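Engineer: Quick one: structure below, then a few questions.
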Amino acid sequence: MQDSILVTGVSSGIGLTTAAYLLRKGFFVYGSVRRGAGPEQLTASPSFKALNFDVRDRDGIRAGIQQIHDDGARLIGLVNNAGVAISGPIETVSEEEYRRQFEVNVFGLVAVCQEALPLLHASRELGFDSRIVNIGSVSGYLTSPFTSIYSASKFAVEALTDGLRRELLPFGIDVISVAPGPVKTPIWQKGREQTEAFDNDRYGSMLEKLGPYTEAAEADGVEPQVVAEAIYRALTDEQPDPAVLVMKKGWMAKLLKLTPKRFQDKFFTKRLAENRRY
Ligand SMILES: NC(=O)c1ccc[n+]([C@@H]2O[C@H](COP(=O)([O-])OP(=O)(O)OC[C@H]3O[C@@H](n4cnc5c(N)ncnc54)[C@H](OP(=O)(O)O)[C@@H]3O)[C@@H](O)[C@H]2O)c1
C-alpha cells in the first residue's frame, strides 16, 4: 500500500506543483479542488484522486476525508495549502473580504486538520510517521502595509502550527510551517484584480505604488518547485525544522523581524516607495 498525502488547493500554483512532485516521489496524492476533476497534469496519474471541497464547507471536507477512509488509504500527511491573499488598506477593505481571508486561510485550515486528524492518528498508531505541513508566508513573520489582513491570517497560521505541534507531540504527529516569500503563482494576479476594485480615494497615491511593488516582488519570486521541494523535505526528513522560510534573502527577513518596530516602519515605507519588497 502506498503512503497517501492530502494536499488542499491543487488547481494551481504551489499546490499543483507540490502534488505533481509528491506523485513523482512515489506517494498517492489526494488533492482538493473546488470545481471539476482536477488539473490534467495530476489526473493523468493513477496515484492521484481529486476531492471536491471548499475549505469553508465543513460537510464537503468531511465527505472528502470519508472517501480517503473508504478507499482504505494510509494517510500519513496533510498539506494545508489552499489560500487567498486579500490586499488593500485596513480602513477600506470590505467586511466580506476580510472575513473571507480568515474563513479560507485560518478557519478552513482548522477544519481540515480536525477532519483529517483521526486518519493521521490511525496511521501513527500503526507505526507510520504522520505529519501536517501548513503553508504560511513571510507575511506571517513580518507585516507589509496593505497586505495586513493577509498577514494577520498568516500570523494565525504560525500560531496554529506551533500550538498544534505542541498538542500533538505526545502522539508523535509533527506539525511544520513552510513559509514562502514571493513565489511565481497566479495568487498575485488574483490579488491585483481585487485591489483595483477598491474605492480608495484617501490611499490612492500609495496604492498606485502597490501594483508595481507587488509586480516587482512577483518577478523576483522563486518558482513553485522550490517550495514543493521544501514541503517534501518537511514531510520526509528525519528531523525537520518546524518553521521553514523559503525565500531569497530569507536571512534578511529573519533579521528584520528582530529590529525595533519603528525601524520596520521606515523600512517598509521606503521599500514601498522604491517598489522593492525586501
Ligand atoms: N505565491 C506566493 O507568493 C505565496 C507566498 C507565500 C505564501 N503563499 C501561500 O501559498 C498557498 C498557495 O498559494 P499560491 O501562491 O499557489 O496561489 P494560487 O495559485 O492562487 O493557489 C491557491 C489555491 O488555493 C485554492 N483555494 C482558494 N480558496 C479556496 C477555498 N475556499 N477552498 C478550497 N481551496 C481554495 C485555489 O483553488 P481555486 O482555483 O478553486 O480558487 C488554489 O488551488 C496559499 O496559502 C498562499 O497564501 C503564496
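The values are calculated or read from the model by the stated rules, or taken from the named source; none is laboratory data. Keep in mind it's a predicted model, so treat the numbers as computed, not measured. Cβ placement follows ideal geometry from the backbone for every residue including glycine, while neighbour counts extend to all protein chains displayed. Each accessible area value is taken on the protein alone, full model and side chains, heavy atoms only, with ligands, DNA and RNA left out. Shrake-Rupley method; radii C 1.70, N 1.55, O 1.52, S 1.80 Å.
Engineer: Name every residue in the range 231-278 that is modelled with pLDDT under 95 and acidic (Asp, Glu), in order of residue number.
Structural biologist: The answer is Glu274, and nothing else.
Engineer: Also, I was wondering about something else. Somewhere in the range 199-215, is a residue crowded, with 16+ Cβ neighbours inside 10 Å and under 20 Å from the mean Cα position of the chain (by Cα)?
Structural biologist: yes
Engineer: Please enumerate the residues belonging to the range 1-16 that are under 16 Å from the mean Cα position of the chain (by Cα) and surrounded by 20 or more Cβ atoms within 10 Å (Cβ to Cβ).
Structural biologist: Correct list: Ile5, Leu6, Val7, Thr8, Gly9, Val10, Gly13, Ile14, Gly15, Leu16.
Engineer: Conditions: (1) within 19 Å of the chain's Cα centre (by Cα); (2) closer than 20 Å to Gln225 by Cβ. Ala44 meets all but one. Number of the miss?
Structural biologist: Checking Ala44 against (1) within 19 Å of the chain's Cα centre (by Cα); (2) closer than 20 Å to Gln225 by Cβ, the one that fails is (1).
Engineer: Name the pairs: first residue in the range 108-129 and at pLDDT 95 or above and of a type in the set (D, E, K, R), second residue within 16 Å of the ligand (Cβ to nearest atom) and open to solvent by less than 80 Å² (accessible area, probe 1.4 Å), Cβ to Cβ under 7 Å, at least 6 apart or on different chains?
Structural biologist: Glu115/Ile61; Glu115/Ile65
Engineer: Within the range 17-52, how many residues turn out to be open to solvent by less than 40 Å² (accessible area, probe 1.4 Å) and within 7 Å of the ligand (Cβ to nearest atom)?
Structural biologist: Residues in the range 17-52 being open to solvent by less than 40 Å² (accessible area, probe 1.4 Å) and within 7 Å of the ligand (Cβ to nearest atom): 2 in total.
Engineer: Within the range 268-277, does at least one residue satisfy the condition of being free of Cβ contacts under 8 Å to residues at least 40 places away in the same chain and among the hydrophobic types (A, V, I, L, M, F, W, C)?
Structural biologist: Among the residues of the range 268-277, not one is free of Cβ contacts under 8 Å to residues at least 40 places away in the same chain and among the hydrophobic types (A, V, I, L, M, F, W, C), which makes the answer no.
Engineer: Given the structure, is Glu96 in contact (Cβ under 8 Å) with a residue 24 or more places away in the chain and either farther than 22 Å from Glu223 by Cα or of a type in the set (Gly, Ala, Ser) (or both)?
Structural biologist: No: the conditions fail for Glu96.
Engineer: For the range 252-265, give me each residue that is out of contact with any strand residue (DSSP E or B) (no Cβ under 9 Å at 6 or more places or on another chain) and part of a helix (DSSP H, G or I).
Structural biologist: Met252, Leu255, Leu256, Lys257, Lys261, Arg262, Phe263, Gln264, Asp265
Engineer: Another one. Which members of the range 209-229 meet the condition of being charged (D, E, K, R), within 13 Å of the ligand (Cβ to nearest atom) and either assigned to a helix (DSSP H, G or I) or closer than 18 Å to Ser87 by Cα (or both)?
Structural biologist: Glu215, Glu218
Engineer: Hey, among Ile61, Ile86, which residue is within 11 Å of the ligand (Cβ to nearest atom) and assigned to a helix (DSSP H, G or I)?
Structural biologist: Ile61
Engineer: Looking at (1) in contact with a Lys or Arg (Cβ under 8 Å, 6 or more places away or on another chain); (2) more than 8 Å from the ligand (Cβ to nearest atom); (3) charged (D, E, K, R), which is the only condition Asp201 fails?
Structural biologist: The single condition Asp201 does not satisfy is (1).
Engineer: Only one of (1) within 14 Å of the ligand (Cβ to nearest atom); (2) among the β-branched types (Val, Ile, Thr); (3) surrounded by fewer than 18 Cβ atoms within 10 Å (Cβ to Cβ) fails for Val104. Which number is that?
Structural biologist: Unmet condition: (3).
Engineer: So, Ile187, is that one modelled with pLDDT of 95 or more and either within 15 Å of the ligand (Cβ to nearest atom) or under 30 Å from Ser4 (Cα atoms) (or both) or not?
Structural biologist: So Ile187 does not fit the description; no.
Engineer: Can you name the number of the only condition in (1) farther than 27 Å from Glu193 by Cβ; (2) within 16 Å of the ligand (Cβ to nearest atom); (3) buried (at least 20 other Cβ atoms within 10 Å of the Cβ) that Leu120 fails?
Structural biologist: Unmet condition: (2).
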